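Below is one structure, written out as structure tokens, with a few remarks after it.
The values are calculated or read from the model by the stated rules, or taken from the named source; none is laboratory data. Please read these numbers as outputs of a predicted model, since none were measured by experiment. Cβ placement follows ideal geometry from the backbone for every residue including glycine, while neighbour counts extend to all protein chains displayed. Heavy atoms of the whole protein, side chains included, go into the accessibility calculation; ligands, DNA and RNA do not. Shrake-Rupley method; radii C 1.70, N 1.55, O 1.52, S 1.80 Å.
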Amino acid sequence: IAPVNTTGSILSRMLQGSAGWGDACVLVPWAIYEATGELSVLEENYGMMMRWLSFVKKRAKRTRRRNRNNPDREFLVDRGFHFGEWLEPDVNGMEVMKKTVSEGAPEVATAYFFRSASLLARTAALLGKTEDAATYESWAEGARRAYRFTCTNDGAITSERQAEYVRPVAFGLLDEAEAQNAADALAELVAGNGYRLNTGFLSSAHLCRALAEHGHVDTAYRLLLGTDCPGWLYAVRHGATTVPESWDGVREDGTVHGSLNHYAYGAVAGWLIDGVCGIRPREGKLTICPHPYPSLGFARAEWDSPAGTVRSAWEYGDDGFEIEIAVPPDTEAEILLPDGTRETALSGCHRYRIPIH
């Protein structure tokens, strides 16, 4: 690996903590807590979570010259190596690596600084650490302002890359109207690309959710069910039984390249569970909000929760669709149905039939 200067190499830069990858220090404990409601997970990992945010905050203090007009530059992360939106289609990965070494990736790293600081603020509040919560909330707000100043035009995004819209929508960096505008623009980009994606490692997991939650359910499903490259079912169409590292890991001529067992793109399974089937555990509370779609025909998901099996299944018939929801013993769930029905369901099996008008 060729050195980039006299003090280090690309490899040494890569070991300094890439945004998105290093943020697992915060994202993983929070995800486990949301699924289980167990505060002990946050308590056990709180020290690690704080150390990661302290590292990111120190990195943010070394703002590059061209960004020093940012009034919140102390929260702008434009230093350090970041893999960024790794392995986007039609993007040269090595060129991205070289660019991040020389220029940083503030649109990625600052967004993750905001996301992790926001979650750590909530973690501190849950653990009764009010001073810490206030500190991390102020860091998150600083990162949000810094991101908006450098990476958007007063909340508006201009890019030909889908990831640049997905990330701020998914993380909450935009206000409600701005997020809707971004999601609308994202849907147009996807349609203009023949309903194919061009996201990489960090945003593919959030792409369908960002679309569906802003009124573009049809676009989300067309992406999900597309069989051309790049797309999730392309590899399946070519006989893959694992998730490859790159979208064209199995090529049209049958040749393979790269890792054939890399989970990143498989993270769309999160939307299959909490979007398509609608199983949404949030901080120990359960909501089930399925989104049936005729092109898929049927779907079924089960989650072995700490309380027992949660199930959500739906299937289309000739004149409507049926939904079956199972709630574990001694548990209640808020049920939100596509026809607007909202109810609290106690343990047991619940069936609904919704006609198509």
Formal net charge of residues neighbouring Phe113 (Cβ-Cβ distance under 10 Å; K, R +1; D, E -1): +3
Length-normalised contact order for the stretch 278-357 - Cα pairs under 8 Å, 6+ apart - percent: 26 percent
Nearest-ten-degree value, helix 93-103 long axis tilted from longest Cα axis of the chain: 50 degrees
Loop-located chymotrypsin sites (Phe, Trp or Tyr not before Pro) in the stretch 250-350 whose Cβ has at most 13 other Cβ within 10 Å (DSSP): Tyr263
Distance between modelled label sites at Thr331 and Ala134, nm, 7 Å Cα→Cβ extension: 3.8 nm
Per-residue HN-Hα couplings for the stretch 197-205 [Karplus 6.51, -1.76, 1.60; θ = phi - 60°; Hz; x = Gly/Pro]: 8, 9, 8, x, 4, 7, 10, 4, 5
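Give me the percent of the accessible area of the chain that comes from carbon and sulfur atoms, probe 1.4 Å, all protein chains in place.
Result for the chain: 50 percent of the exposed heavy-atom area is carbon or sulfur.
Using a 1.4 Å probe and counting only protein heavy atoms, arrange Lys61, Lys99 so the residue with the most accessible area comes first. Walk me through the numbers on the way to the answer.
Details: Lys61 135, Lys99 115 Å².
Per-residue accessible area, sorted high to low, gives Lys61, Lys99.
Once the piece of chain linking Glu283 and Lys98 is laid out straight, how much longer is it, given 0.36 nm per residue of separation minus the C-alpha distance between them?
Net length gain for the segment: 62.6 nm.
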Choice from Ala267, Ala307, Ala183 showing the highest fluctuation, given a GNM over the chain with Cα pairs closer than 10 Å: Ala307
Cα shape, the stretch 251-301, gyration tensor, a/c 1.5 rule: oblate
Two-site FRET efficiency, Asp175 against Thr241, from Cβ-Cβ distance with R₀ of 51 Å, rounded to 0.05: 0.75
The chain, dipole about Cα centre (Lys/Arg Cβ +1, Asp/Glu Cβ -1), debye to the nearest 20: 1740 debye
C-alpha center-to-center spacing [the stretch 53-67, the stretch 167-203] in angstrom: 27 Å
Mean accessible surface per residue for the stretch 74-181, computed with a 1.4 Å probe while every protein chain stays in place, in Å²: 42 Å²
Nearest-ten-degree value, helix 24-36 long axis tilted from longest Cα axis of the chain: 20 degrees
Neighbourhood net charge (15 Å Cβ-Cβ; Lys/Arg +1, Asp/Glu -1) for Arg300: -4
DSSP beta bridges in the chain [antiparallel fraction, %, rounded to 5]: 95 percent
Difference of contour (0.36 nm per residue) and Cα-Cα distance, Leu296 to His262: 9.7 nm
Computed lengthening from Ser159 to Ala125, 0.36 nm per intervening residue step minus Cα-Cα distance: 8.6 nm
Radius 10 Å from Cβ of Gly37, net charge of other residues (Lys, Arg +1; Asp, Glu -1): -1
Under Karplus coefficients 6.51, -1.76 and 1.60, residue-wise ³J(HN,Hα) of the stretch 217-227 in Hz, glycine/proline x: 5, 4, 5, 4, 5, 5, 5, 4, 9, x, 10
